[in-house]
Amino acid sequence: MQNLQGKSIAILATTGFEQSELEVPRDKLREAGAEVHVISLKPGHIMGWDKDDWGGPVPVDKTLDSVTADDYDAIVLPGGQINPDLLRIEPRAIDFIKRFWTDKKVVAAICHAPWLLIEAGIANGRKMTSYKSIKTDVINAGANWEDSAVVSDQGLVTSRNPGDLDAFCDKIAEEINEGRHERRAA
């Protein structure tokens, strides 16, 4: 993985995130030198979902109300079914994600987290992937869906599932180091 010294990354999640889809990027990006903050709606801890049952707690570093997209170089959105479904009805979470996109920063989503990209109006016209059960949702939102471990389109990085985490994390680091991304009109 590329060196991320001096970079700051937000991981936006709430209870019900897929355990590995938060912890693996958090740990790998930190190991690469980035400052990584787990951001949620409330302080304390959020509970993960580990395959087919509740996982463990993860400490929240900062609340959504205490940060702005200006504080970070990229945002990572872990999946799981519960987490993105809860976040996509939170206007401040959607606004936070949109700000990264309009500021031409890296936006990365895995598994069910592309639901958040759909809600934020980012999916239309983009090459993306997702967990197979939301493929139709992604296509209906106007994205060009691909069945690939990782898909990157102008700073938008998406992956399908926990089996893709290595490729996902590597592509996030690569995209952050490339800097600002040109966006085509939606």
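Here the stretch 12-28 is the region considered, the condition is being of a type in the set (Gly, Ala, Ser) and within 16 Å of Ser159 (Cβ to Cβ), and the residue that is surrounded by the most Cβ atoms within 10 Å (Cβ to Cβ) is Ala13.
Looking at this structure, is Asn144 modelled with pLDDT of 95 or more, farther than 17 Å from Ile9 by Cβ, surrounded by 18 or more Cβ atoms within 10 Å (Cβ to Cβ) and not hydrophobic (A, V, I, L, M, F, W, C)? Taking the combined requirement at face value, the residue does not satisfy it.
Close contacts from the stretch 117-137, counting a first residue that is under 11 Å from Asp147 (Cα atoms) and a second that is among the aliphatic types (A, V, I, L, M) and assigned to a helix (DSSP H, G or I), with Cβ to Cβ under 6 Å and a gap of 6+ residues or different chains, come to Met128/Val138; Ser130/Val138. Taken over the stretch 147-182, the residue count meeting the criterion of being assigned to a loop (DSSP other than H, G, I, E, B) and buried (at least 20 other Cβ atoms within 10 Å of the Cβ) is 2. Within the stretch 1-11, the set of residues being surrounded by 19 or more Cβ atoms within 10 Å (Cβ to Cβ) and in contact with an Asp or Glu (Cβ under 8 Å, 6 or more places away or on another chain) comprises Lys7, Ile9, Ala10. Considering the stretch 120-133, and only residues there that are out of contact with any His (no Cβ under 6 Å at 6 or more places or on another chain) and within 14 Å of Gly79 (Cβ to Cβ), the residue that is surrounded by the most Cβ atoms within 10 Å (Cβ to Cβ) turns out to be Ser130. In the set Ile75, Ile110, only one residue is over 24 Å from Gly6 (Cβ atoms), of a type in the set (Val, Ile, Thr), touching a residue at least 40 places away in the same chain (Cβ under 8 Å) and in contact with a Phe, Trp or Tyr (Cβ under 9 Å, 6 or more places away or on another chain); that residue is Ile110. Gly155 meets each of the listed conditions (1) small (Gly, Ala, Ser); (2) touching a Pro at 6+ places or on another chain (Cβ under 8 Å); (3) under 23 Å from Ser20 (Cα atoms) apart from (2).
Looking across Asp61, Asp70, one residue alone is modelled with pLDDT of 95 or more and more than 11 Å from Ile11 (Cβ to Cβ). It is Asp70.
The values are calculated or read from the model by the stated rules, or taken from the named source; none is laboratory data. Small disclaimer: the values here were computed from a predicted structure and weren't measured. Glycine also receives a Cβ, built like all others from the backbone with ideal geometry; neighbour counts cover every protein chain displayed.
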